[in-house]
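Written below as structure tokens is the structure these notes are about.
The values are calculated or read from the model by the stated rules, or taken from the named source; none is laboratory data. Quick caveat: nothing in here was measured; it's all calculated off a predicted structure. Note that we place each Cβ from the backbone using ideal geometry, even for glycine, and neighbour counts take in every protein chain shown.
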């Protein structure tokens, strides 16, 4: 057990616990706040794994933008603030499939990697990742910018109020 | 030095929790949060694989994780637009109340006014037309 292992175990425990709270809490706003904890500890995990840029982008985009967007959606759909009992349907199918997928994948990966060790790579800061993107992965990067534009336009078109007002007339 | 099995198992557990959330939650916004958990589990696998697999191109896992983060941002934008439109139509974002078939929607339009949308007139008159899903394009 090295320092990196201990750090990863601690951050992973926080991430898994917060994720469990996200999918089981009875208050919608608290689910969003637990999501912040889960995503933040995942950013810490990326830092331990020496993926520096990914960690900061995670903090900026996920914790900063996506969670705020989700909380806005909670407010705009007038979700109840207090405890609401009807957030879940029957749990058994979800427990069966989710638990099966999670534990099955975990067993598979434990079997594949055993207790092997690996040296941590030298840090993937902005310079290295930038070079990798703009040398090897330029085309997906450009396609991604087109996709972002399409998603932007699509979101605007979908949320136009006159579309829903005229449905089926 | 580190044991790569630790982050891999964490990612697998996060994925399982996300799948559980997607299958169990009824509120569409909570469903999107569970989808975010799944995407983050995949990101963790990509970043870990970047250190464990000595690929010909270095830092590819990190690059792919960045791509997945951007895709997730686009997904959540469009998803929330759809959720808000659903709320505007039905005053509810419970995903298991959305009618999936023509008959179900006909029965709902004829039946009780439990989930009547904002413009109930157009809803029920629409049910009598040929296609319940027709959306008129605004000129």
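Quick one: which residue in A:64, A:32, A:44 is at pLDDT below 90, under 20 Å from the mean Cα position of the chain (by Cα) and under 23 Å from residue B:65 (Cα atoms)? Just a single option satisfies the conditions, and that option is A:64. Evaluate the stretch A:127-144: report whether one residue or more is outside any helix (DSSP H, G or I), facing another protein chain (nearest Cβ under 7 Å) and surrounded by fewer than 15 Cβ atoms within 10 Å (Cβ to Cβ). No. Pick from the stretch A:113-126 the residues that are outside any loop (DSSP other than H, G, I, E, B) and surrounded by 15 or more Cβ atoms within 10 Å (Cβ to Cβ): which of them is modelled with the lowest pLDDT? The residue in question is A:118.
Among the criteria (1) assigned to a helix (DSSP H, G or I); (2) modelled with pLDDT under 75; (3) surrounded by 17 or more Cβ atoms within 10 Å (Cβ to Cβ); (4) facing chain A (nearest Cβ under 8 Å), the one residue B:108 does not fulfil is (4).
Note on the stretch B:20-62: residues that are within 17 Å of the chain's Cα centre (by Cα) and within 19 Å of residue A:48 (Cβ to Cβ) total 3. Selection of first residues in the stretch A:155-167 that are in a loop (DSSP other than H, G, I, E, B) and of second residues that are at pLDDT below 65, restricted to Cβ pairs under 9 Å at least 6 apart or on distinct chains, gives the following pairs, ordered by first then second residue: A:160/B:138; A:166/B:122; A:166/B:135; A:166/B:136; A:166/B:137; A:166/B:138.
Please verify whether the stretch B:88-96 includes one or more residues that are under 30 Å from residue A:126 (Cβ atoms), touching a helix residue (DSSP H, G or I) at 6+ places or on another chain (Cβ under 7 Å) and facing chain A (nearest Cβ under 7 Å). Scanning the stretch B:88-96, I find no residue that is under 30 Å from residue A:126 (Cβ atoms), touching a helix residue (DSSP H, G or I) at 6+ places or on another chain (Cβ under 7 Å) and facing chain A (nearest Cβ under 7 Å), so the answer is no.
Taking the stretch A:63-78 as the range and being under 26 Å from residue A:14 (Cβ atoms) and at the interface with chain B (Cβ under 7 Å from one of its Cβ atoms) as the test, the residues that pass are A:65, A:66, A:69, A:70, A:73, A:74. Residues that are closer than 24 Å to residue B:24 by Cβ number at least 2 in the following helices (runs of 4 or more DSSP H) confined to the stretch A:1-89: A:3-24, A:28-48, A:67-76. For residue A:159, the test of being within 8 Å of chain B (Cβ to nearest Cβ), over 25 Å from the mean Cα position of the chain (by Cα) and surrounded by 12 or more Cβ atoms within 10 Å (Cβ to Cβ) is failed. May I ask you to verify whether residue B:39 is over 20 Å from residue A:93 (Cβ atoms), at pLDDT 90 or above, surrounded by fewer than 19 Cβ atoms within 10 Å (Cβ to Cβ) and touching a helix residue (DSSP H, G or I) at 6+ places or on another chain (Cβ under 8 Å)? For residue B:39, the condition - over 20 Å from residue A:93 (Cβ atoms), at pLDDT 90 or above, surrounded by fewer than 19 Cβ atoms within 10 Å (Cβ to Cβ) and touching a helix residue (DSSP H, G or I) at 6+ places or on another chain (Cβ under 8 Å) - is not met. Among the residues making up the stretch B:47-57, a single one is in contact with a helix residue (DSSP H, G or I) (Cβ under 7 Å, 6 or more places away or on another chain) and either under 27 Å from residue B:28 (Cβ atoms) or part of a loop (DSSP other than H, G, I, E, B) (or both): B:57.
The single residue among A:104, A:98 that is facing chain B (nearest Cβ under 7 Å) and either more than 30 Å from residue A:4 (Cβ to Cβ) or surrounded by 12 or more Cβ atoms within 10 Å (Cβ to Cβ) (or both) turns out to be A:98. Quick one: is residue B:30 within 15 Å of residue A:24 (Cα to Cα) and either without any contact (Cβ under 8 Å) to a residue 60 or more places away in the chain or at the interface with chain A (Cβ under 7 Å from one of its Cβ atoms) (or both)? When the stated conditions are applied, residue B:30 passes them.
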